[in-house]
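See below for the structure under consideration.
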Amino acid sequence: MAKEKDIKKKDVKKVNSKKNVKNNKPKEKFTEGIKKELKLVKWPTVKEILKYTLATVIFCIILVAFFEVLNLVMAFIKGMFN
């Protein structure tokens, strides 16, 4: 019976030591997976970035102009009733 307890203690130590080793491997696999996925990403070119940036700025300017005109119209209507 004493031998069985010794064997069980040794098995527990082996399992614990294996768990510590296994815990490091998923982290390494995770970072390797991220690197692989990032290599598959189609990154935009400088020309595309400039095109999208210009489109965004123009869209923002159009929205600002729309809301400014709307504000002026509402102020005019409010002024008519005062």
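The values are calculated or read from the model by the stated rules, or taken from the named source; none is laboratory data. What you see is a predicted model, and the numbers here were worked out from it, not measured in a lab. Just the protein is used for accessible areas: all its heavy atoms, side chains included, with ligands, DNA and RNA removed. Shrake-Rupley method; radii C 1.70, N 1.55, O 1.52, S 1.80 Å.
Annotations
- Scanning region 70-82 for residues that are hydrophobic (A, V, I, L, M, F, W, C) and open to solvent by less than 90 Å² (accessible area, probe 1.4 Å) yields L70, V73, A75, I77.
- Matching residues in region 33-63 - criterion: being in a helix (DSSP H, G or I) and open to solvent by less than 100 Å² (accessible area, probe 1.4 Å): G33, I34, L38, E48, I49, T53, A55, T56, V57, I58, C60, L63
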